[in-house]
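Student: I have a structure here, written as structure tokens, and I will follow up with some questions on it.
The values are calculated or read from the model by the stated rules, or taken from the named source; none is laboratory data. From a predicted model like this one, the values you see are computed outputs, not experimental measurements. Note that we place each Cβ from the backbone using ideal geometry, even for glycine, and neighbour counts take in every protein chain shown.
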């Protein structure tokens, strides 16, 4: 498994037209290459659009991945903002029986 920090520092110097593989995309997403392969197989819309010109090899254009990540950041709800939906009450607890 490649060092995530080393891959990220290499990617910072790459041009947007550079083609990257699953290991580099995994480093950008802070996940594993195995998870990238799994997401490609079961839920491809949860990843940036990939290049189809390489047959079975998974490849992405770096600029497309960067743009996709920026869109995910702007569309995501901040975890610090309170949720506006009302909370559902949970199941009431039974009083503890002292023995």
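Student: Among (1) modelled with pLDDT of 85 or more; (2) under 16 Å from the mean Cα position of the chain (by Cα), which single condition is residue 8 missing?
Tutor: The single condition residue 8 does not satisfy is (1).
Student: Hey, any hits in the stretch 53-66 for a residue that's under 11 Å from the mean Cα position of the chain (by Cα) and modelled with pLDDT of 90 or more?
Tutor: So in the stretch 53-66, the residues under 11 Å from the mean Cα position of the chain (by Cα) come out as 65.
Next cut, modelled with pLDDT of 90 or more only: 65.
The answer is yes; a qualifying residue exists.
Student: Helices (runs of 4 or more DSSP H) wholly in the stretch 1-74 with at least 3 residues that are free of Cβ contacts under 8 Å to residues at least 40 places away in the same chain and loosely packed, with under 15 Cβ neighbours inside 10 Å - which ones?
Tutor: 4-12, 33-42
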